[in-house]
Structures are given as C-alpha cells and as structure tokens.
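One structure is given below, encoded as structure tokens.
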Amino acid sequence: MSAVNPTYVYVGTYTHSLPHVQGKGEGIYVFTLDQATGALSAVSVASGVVNPSFLALDPSGRYLYAVNETSETDGQPGGAVSAFTIDPTTRALSFLNRQPSHGTDPCHLTVDATGSFVLVANHGSGSVAGYPIRADGSLGEASDVIQHVGFSVHPQHQRGPHAHSVNLDATDRFVFACDKGIDRVLIYRLDRSRGKLVPNDPPSASVQPGSAPRHLARHPSRPYVFVINEIASTLTSFAFDAETGRLRQIQTVSTLPAGYAGRNSTADVRVHPNGRFVYGSNRGHNSIASFAFDESTEQLTPLGHESTQGAVPRNFNLDPTGTLLLAANQNSDTIVAFSVDPRTGTLTPTGAVTRVPTPVCITFAPR
C-alpha cells in the first residue's frame with residue numbers, strides 16, 4: 001500500500017438481525033488496504049444506516065450507494081437504497097438521501113458506467129428497480145420498477161421470484177437480473193432517455209431447474225458471463241451476444257469437491273482481471289472454489305478449493321491489481337486475505353485477518 005495513494009476499501013454489514021443472520025455491524029466501514037499483506041486498517045464508520053449489506057460505487061469514486069436490506073422502512077413495507085457522498089481526502093461517507101426500493105429485502109445494486117443510474121434487486125419480493133442519479137449524487141425517485149413472476153421446482157425456496165443481483169454488460173446497454181426463484185437470468189435493455197428497463201428479445205436465459213441463479217460476473221475483455229447457482233452449488237458459463245443481448249449456455253460445473261455430502265449454498269462469483277480464472281464462494285463448505293477458463297475452448301476446469309477460515313463466506317472480491325482476494329466471513333466476523341498467483345490462479349492465505357462484525361460486501365475504491 002502506498003502511503004501517498006492508498007487503496008480504500010468499503011465494507012457493507014448487517015446492523016440488524018434478519019431470519020438468516022444476527023446483525024452486529026455499526027454500518028459501512030472504511031479501511032485502507034496494505035497491498036503487501038491484505039491487512040485492513042480502520043479509517044471510519046458510517047453509522048446510522050440500516051443493514052447496508054451490499055454496496056456500489058459510482059465510476060468517479062465520488063459517491064457510494066447501499067441497499068437497506070429490510071422488509072419494512074419507516075413503518076412502510078419494503079426496503080430502501082441510500083446514497084452517500086465520499087470525502088475526497090478522508091474517504092469518509094456522508095449521507096445524502098434515501099429512496100424506497102419498491103420491494104422487500106433489497107440485496108444487490110449496481111451503478112451504470114456513466115454514473116447516471118442505480119439499479120437494485122429486491123430479493124424478498126422478486127423485483128428490480130431503477131433510479132436516476134442527480135447532479136449532487138443523490139437518488140431521484142424510481143424511474144422504473146419491474147415485478148418478476150413465476151416459480152420453479154424447489155418446494156421452499158422457489159415458490160415465487162427472488163431477484164438476487166442486477167448487472168450491466170460491458171456496453172452498458174443490457175441489464176442481467178439473476179432471479180433464483182424462477183431459475184432465470186432476465187435480460188433488459190436500459191432505455192436511458194426514460195430510465196426504463198425494457199424486456200429484451202430474447203427476454204431471459206434459463207439454468208437447470210432447481211439451480212437458483214444468484215450472482216453474475218463478466219469476463220473483463222471477452223463476451224462471456226458466469227452465473228453462480230445457490231441451491232445446486234454450480235457455476236454456469238454463458239457466451240454473450242452484444243448485438244442481440246442473447247446468452248448462450250456453455251457449461252455447468254460443480255463448486256464443490258467430489259464426494260462432499262454436507263450442506264452448502266453458494267454466494268458470489270468473480271473473474272480475475274486477466275480473465276483466466278473464475279472464483280466462487282461456498283457457504284457450508286466455507287471455501288473459495290477456483291476454476292481456469294480457456295477462451296479457445298470456452299471451457300471451465302476446476303482447480304481446487306481454499307478454506308476461507310471462517311463461516312458463511314458471502315461476498316468476496318479481488319483488488320484492482322488482481323494480486324489479492326479478500327473474503328468476508330459473515331458469521332465469524334472476519335475478512336481473510338489471500339494472495340493470488342496470476343499464472344496459476346492459486347490462492348494462498350497471507351495471514352492477514354481483519355475483525356469486522358457480520359461483513360457482507362467488499363468494495364474497492366478506484367485508484
């Protein structure tokens with residue numbers, strides 16, 4: 001880490017308890033990263049924000065947005081999404097405003113490449129919403145809300161839609177919304193002039209019934225995306241047609257080692273900046289699964305598993321240089337650092353373990 005130009009890291013947490021977690025965080029934590037070891041040094045905490053479980057920065061690094069993962073806000077049904085300004089010197093957060101998420105338990109959000117829109121996924125109600133970003137970084141009222149419909153085969157977790165992530169393609173024209181309740185990746189076109197999400201043709205891509213697509217990661221330079229499936233503990237690769245928005249399924253591989261029979265559900269997926277490796281987190285097996293991706297054959301090859309040294313690894317992230325991976329162990333209150341070999345994709349613990357209460361999301365500020 002350079003003392004002159006340090007890497008700043010924002011960590012979203014649960015501050016209140018939900019059926020699946022006992023929230024202990026104070027809000028959104030700001031750290032600096034030691035690039036040599038992966039250790040995090042505390043800078044500040046933005047408190048008073050409820051369950052900022054997932055975070056997203058605007059491209060300029062001037063503003064940060066957080067979901068408020070709740071089923072009720074100010075006595076009204078539904079969660080919210082909050083906007084913060086970032087101090088250019090201290091990187092401390094100051095609250096700007098909050099808008100209703102128009103659904104329950106919002107769990108993921110993203111900012112478009114122009115810094116003009118925030119898109120939010122509501123897990124509980126299975127909907128997605130879009131918000132214009134005002135000149136001061138605050139959020140305008142929702143410009144669009146789309147309710148997903150349908151169900152799938154799992155008797156408990158797929159009785160209705162459960163949108164779990166929303167991402168844009170590299171051209172910023174198409175929006176992918178993974179809905180684990182209906183086993184589909186919904187595809188929309190972003191109409192910037194109206195702030196609308198227009199169903200694409202084709203409108204979705206499907207995974208095997210009972211898989212529960214949760215998060216999606218883009219290849220950094222080639223037209224591929226990777227979807228991690230929560231219930232099936234699998235990773236599915238797709239080829240993406242940037243002209244039509246179509247996703248063509250290529251391959252599905254397990255995120256678990258052969259013979260593992262314990263309980264597990266997956267959480268997040270990331271692609272290394274060099275595009276050669278894909279990583280996914282296992283909750284239960286409590287590991288990061290590593291895969292090599294060969295562009296010439298379009299095939300994923302399992303490389304192995306590395307323990308996260310904690311319980312229920314939710315979000316994890318690779319630093320902008322691709323030399324470090326930080327894993328957030330939600331139920332053991334730690335963020336554990338690993339060095340990444342860019343030639344082999346191998347993860348090696350650095351020994352750096354940072355205590356953070358119920359960490360969920362790790363976001364690196366642009367350098």
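Numbers at a glance
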quantity	calculated
Matching entry among Thr350, Thr363, Thr354 (being at pLDDT 95 or above, within 21 Å of Val227 (Cβ to Cβ), open to solvent by 10 Å² or more (accessible area, probe 1.4 Å) and not in a loop (DSSP other than H, G, I, E, B))	Thr363
Odd one out for Gln156 among (1) buried (at least 24 other Cβ atoms within 10 Å of the Cβ); (2) free of Cβ contacts under 8 Å to residues at least 12 places away in the same chain	(1)
Residue in segment 290-313 that is farthest from the chain's Cα centre (by Cα), counting only those that are surrounded by fewer than 22 Cβ atoms within 10 Å (Cβ to Cβ) and of a type in the set (A, V, I, L, M, F, W, C)	Leu303
Out of Ser265, Ser287, sole residue that is within 20 Å of the chain's Cα centre (by Cα) and either open to solvent by less than 10 Å² (accessible area, probe 1.4 Å) or in contact (Cβ under 8 Å) with a residue 60 or more places away in the chain (or both)	Ser287
Residue within segment 75-83 that is free of Cβ contacts under 8 Å to residues at least 40 places away in the same chain, on the phi < 0 side of the Ramachandran plot, open to solvent by 10 Å² or more (accessible area, probe 1.4 Å) and more than 20 Å from the chain's Cα centre (by Cα) present	yes
Residue check, Ile231 within 22 Å of Ser53 (Cβ to Cβ), open to solvent by 40 Å² or more (accessible area, probe 1.4 Å) and of a type in the set (A, V, I, L, M, F, W, C)	yes
Within segment 240-249, tally of residues that are surrounded by fewer than 21 Cβ atoms within 10 Å (Cβ to Cβ) and either touching a Phe, Trp or Tyr at 6+ places or on another chain (Cβ under 6 Å) or not hydrophobic (A, V, I, L, M, F, W, C) (or both)	6
Single residue of Pro19, Pro88, Pro6 found to be more than 25 Å from Ser125 (Cα to Cα) and surrounded by fewer than 18 Cβ atoms within 10 Å (Cβ to Cβ)	Pro88
Selection from segment 30-61 of residues that are more than 20 Å from Asp268 (Cα to Cα) and either open to solvent by less than 30 Å² (accessible area, probe 1.4 Å) or within 20 Å of the chain's Cα centre (by Cα) (or both)	Val30, Phe31, Thr32, Leu33, Leu40, Ala46, Val49, Val50, Asp58, Pro59, Ser60, Gly61
Elements of type strands (runs of 3 or more DSSP E) in segment 166-208, at least 1 residues being open to solvent by 30 Å² or more (accessible area, probe 1.4 Å) and within 22 Å of Ser233 (Cβ to Cβ)	184-191, 196-206
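The values are calculated or read from the model by the stated rules, or taken from the named source; none is laboratory data. In this text the structure is predicted, and so the values were computed from the model without any measurement. Glycine also receives a Cβ, built like all others from the backbone with ideal geometry; neighbour counts cover every protein chain displayed. Remember, those area values only see protein heavy atoms, side chains included, never the ligands or the DNA or RNA. Shrake-Rupley method; radii C 1.70, N 1.55, O 1.52, S 1.80 Å.
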